[in-house]
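Supplied in structure tokens, the structure appears directly below.
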């Protein structure tokens, strides 16, 4: 696994060389490269789960709870947008064709964001439970649109 960490003190030429090597590695089949500009940057596992940063892990119960609630709110917001996108008539011929025939196996950006925020809220909830704090009820806080999208 390759890890490129804080490059703020490195010259632009060296950054370009590192990125070229990393891209070449990815192109040659190395799929486990992790890029991070900061050691406290959010990390997602390939399975989609989220790992709290060291800063997030040190938060007290109230702040962990607030973060979990915030991510559920964002999840609901993206679910509402996704539902609106699916129910609104297309504005262009291309969007009409995509809606009629699908756009391949690609997952919409909204669905990606929904999954990301769900993973983050679950990670914060797990941290709350691990500390003996009262976890939030994620299912109770999900909107109607979120429930419908997550059920599929």
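The values are calculated or read from the model by the stated rules, or taken from the named source; none is laboratory data. This structure is a prediction, so every number in the text was calculated from the model and none was measured. Because the Cβ atoms are built from the backbone with ideal geometry, glycine has one as well, and the counts that use them run over all protein chains shown.
In the range 86-102, which residues are surrounded by fewer than 10 Cβ atoms within 10 Å (Cβ to Cβ) and on the phi < 0 side of the Ramachandran plot?
Those that are surrounded by fewer than 10 Cβ atoms within 10 Å (Cβ to Cβ) and on the phi < 0 side of the Ramachandran plot: 87, 89, 91, 92, 93, 100, 101.
Examine the range 126-145 for a residue that is more than 27 Å from residue 61 (Cα to Cα) and assigned to a helix (DSSP H, G or I), and state whether such a residue exists.
Within the range 126-145, one or more residues are more than 27 Å from residue 61 (Cα to Cα) and assigned to a helix (DSSP H, G or I).
Right, another one. Suppose we filter the range 96-138 for residues that are over 19 Å from residue 51 (Cα atoms) and at pLDDT below 90; how many remain?
Of the residues in that region, 16 qualify.
Can you say whether residue 54 is surrounded by fewer than 10 Cβ atoms within 10 Å (Cβ to Cβ), modelled with pLDDT of 85 or more and either in contact with a helix residue (DSSP H, G or I) (Cβ under 8 Å, 6 or more places away or on another chain) or farther than 24 Å from residue 149 by Cα (or both), as far as the supplied structure shows?
yes
Looking at residue 111 and the list (1) part of a helix (DSSP H, G or I); (2) crowded, with 16+ Cβ neighbours inside 10 Å; (3) in contact (Cβ under 8 Å) with a residue 60 or more places away in the chain, which single condition is not satisfied?
(3)
If residue 83 satisfies every condition in (1) at pLDDT below 90; (2) surrounded by 10 or more Cβ atoms within 10 Å (Cβ to Cβ); (3) touching a helix residue (DSSP H, G or I) at 6+ places or on another chain (Cβ under 9 Å); (4) not in a helix (DSSP H, G or I) but one, which is the exception?
For residue 83, the failing item is (4).
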